[in-house]
Amino acid sequence: MARFQTIDAYAPGDGQLSLLPLRFERLSAGRVVVANAVGDLLVLSQAELDRLVALALRPGDGLYERATERLLVAREGAKAPLQLLALRLRSRMAFLRDATALHILVVTLRCEHSCPYCQVSRRNTGAERYDMSEETALLALEVAMDSPSKAIKVEFQGGEPLLNFPLIRFAVEAAERMATVRGKVVEFVIATNLALLDDEILTFCRDHHIHLSTSLDGPADLHNRNRPRPGGNSHALAVAGIQRVQEVLGRDRVGALMTTTDASLDRVEEIIDEYVGLGLDGVFLRPLSPYGFAMKTRWYDGYDSDRWLAFYERGLRHILDLNHRGIRFPEFYASLLLQRILTDQPIGYVDLRSPAGIGIGALVYNYDGKVFASDEGRMLAEMGDRTFELGKLGETDYASLVTSERLIDLVGGTLSQTSPECATCAYEAHCGADPVYHHATQGDAVGIKPLSGFCARQKGILRLLLEILDRGGKDAAVLRSWVSR
């Protein structure tokens, strides 16, 4: 008859303890966060950290168990902890097996809005030579279909892409035929301000399962200030469009993004309530980006990272309170980071990866046939900086684009795992390289991280989430629920 072994059979081996790869960073006076090689985080007191690095641990003292469970220490010669770390790292990097799933077609640079923070340097509606042709769209789709990913997403952007809706119709139908032949699954997104939405477009979106992504900066006065158009009715048209899409296509077929301007900073609760009132399923609190008109008009200089983090923290507090009142409503950027912190699942968000998502996560096909490594890269090109231009359709193919020396240098040279400051950062496993941002703001694709607004915001949000998780209670339960959805 089988019997349980005695407790002594489960005692640690006789080998000496050794430290596994770890990083640490101070949270506050007397408190530090320690991370292992795959980003498991453990908050310790200074005295506990001293004991950990001195290996002054013994079974039963509590710290030994926590450090062992988080793969911070192991017995010398033990293979299992190293094998587990390697297995989990492979899971977290699985996005590399699904290369270039996102393909962005810039079908026109024209737009009927005149947003002072426009990142793409839009052109007037009557401007000529800024629409993509059918020939260019077909060449872009050929490259997209050659990417290894079995499931690809084609996103139509502008300008305002609905100004060239006939090209979208042509490209969607062509992509569906090509995907059938290639055995791929293809989905579509139109990033639109919804001002030009009509029944014909809605019917086409319904018939082809197209998702719509729009911009909504908050209440009417704030939105219209940020996003002027003839008639001053941008907010009314966006709200009417969201409601019409929800009615015809379903509530899950439309999403919205907000951009934070200086005028937004004292109104985060109103912005969030606007989203809740429209039945949107969450909000993505986004700062301004350093591209296009946002730089020319100096709106980008309207606030610094500290003011934006204060805005974000207030917003997250308001969202947590909404969830406590029974309204399930996540902040989407926090959800992405929490998935990185609490699971080993790779995320599809190309801006939060290392190796960077440029080229190997997404390709952008401009209206004129130029191919860029990212959407922000083509925004820089409109400002005269073509650093992230990879080639021209008709003269190149998928393999030559993603194996170009320029892209390899940019991706390989900016790995957060080996970059100064990042390589020793406790949050590295949950962050990403952002070579376009750092090239644009510092003239260096790696970036000087102590001076980086991206780094300051990332660390600020991660510290905030970690503090909430470490305190436990109902706030932590809400954050965890956003991951389990």
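Points to keep in mind about this one:
- Extension reserve of the Arg58-Thr203 stretch, reckoned as 0.36 nm per residue once the Cα distance is removed: 45.5 nm
- Normalised alpha carbon radius of gyration of segment 15-152 [divisor 2.2 N^0.38 Å]: 1.82
- Around the Cα centre of the chain, unit charges on the Cβ atoms of Lys, Arg, Asp and Glu (plus for the first two, minus for the last two) sum to a dipole of about 1000 debye.
- Cα centroid of segment 215-241 to Cα centroid of segment 354-408, whole Å: 32
- When the charge dipole of segment 412-485 is built from unit charges on Cβ atoms (+1 for Lys and Arg, -1 for Asp and Glu) and taken about the Cα centre, the candidate among Ile468, Ser416, Leu451 whose Cα reaches farthest toward its positive end is Ile468.
- Given charges at Cβ of Lys, Arg, Asp, Glu: the chain dipole, positive-most of Ala399, Val38, Ala240: Val38
- For peptides 117-127, 281-291, sequence by mean Cβ density within 10 Å, most packed first: 281-291, 117-127
- Between 0 and 90°, nearest 10: helix 473-484 axis offset from the chain longest Cα axis: 60
- Taking a straight Cα-Cα cut-off under 20 Å and skipping sequence neighbours fewer than 8 places away in the same chain, the lysines within cross-link reach of Lys449 are Lys459.
- Gyration tensor verdict on segment 60-120 (Cα atoms; rounded if a/c is under 1.5, prolate if a/b is larger than b/c, oblate otherwise): oblate
- Segment 351-464: C-alpha pair distances exceeding 23 Å, %: 29
- Prolate/oblate/rounded label for segment 320-373 (Cα gyration tensor, a/c 1.5): oblate
- Packing-based order for 210-217, 154-161, using average beta carbon neighbours within 10 Å, highest first: 154-161, 210-217
- Heavy-atom surface of the chain, accessible at 1.4 Å and reported per residue (Å²): 44
- About its Cα centre, segment 64-140 has a charge dipole of approximately 560 debye under the convention of +1 per Lys or Arg Cβ and -1 per Asp or Glu Cβ, with nothing else charged.
- Pair Gln46, Ala174: separation of 7 Å Cα→Cβ label points (nm): 6.5
- Cysteines, the chain, no other Cys beta-carbon under 4.7 Å: Cys111, Cys205, Cys422, Cys425, Cys431, Cys455
- At 0.692 mPa s and 37 °C, Stokes diffusion of the chain via Kirkwood alpha-carbon radius, µm² per second: 135
- Ranked by the mean number of other Cβ atoms within 10 Å of their residues, highest first, the peptides 452-462, 142-152, 174-184, 349-359 come out as 349-359, 452-462, 142-152, 174-184.
- Cα shape, segment 296-390, gyration tensor, a/c 1.5 rule: oblate
- Per residue convex hull volume, Cα atoms of segment 245-317, in Å³: 97
- FRET E, pair Glu247, Asn124, Förster distance 22 Å, beta-carbon r, rounded to 0.05: 0.10
- Under 21 Å of direct C-alpha separation, and excluding same-chain neighbours fewer than eight residues apart, Lys184 reaches these lysines: Lys150, Lys153.
- In the chain, helices alone account for a calculated mean residue ellipticity at 222 nm of -12000 deg cm²/dmol, with every DSSP H run of four or more residues adding -39,500 (n - 2.57).
- Separation of alpha-carbon centers, segment 452-485 and segment 24-85, rounded to whole Å: 21
- Each residue of segment 39-56 was assigned a 3J(HN,Hα) from its phi angle through the Karplus curve 6.51 cos²θ - 1.76 cosθ + 1.60 (θ = phi - 60°); the sequence is x, 4, 10, 9, 8, 10, 7, 4, 5, 5, 4, 4, 5, 4, 6, 8, 6, 8 Hz, with glycine and proline shown as x.
- Axis of helix 80-92 versus longest Cα principal axis of the chain: the two differ by about 10°, to the nearest ten degrees.
The values are calculated or read from the model by the stated rules, or taken from the named source; none is laboratory data. Since this is a predicted model, take the numbers as computed values, not measurements. With ideal geometry, Cβ positions are generated from the backbone for all residues, glycine too; neighbour counts draw on all protein chains shown. Ligands, DNA and RNA are excluded from the accessible area calculation, which covers all protein heavy atoms including side chains. Shrake-Rupley method; radii C 1.70, N 1.55, O 1.52, S 1.80 Å.
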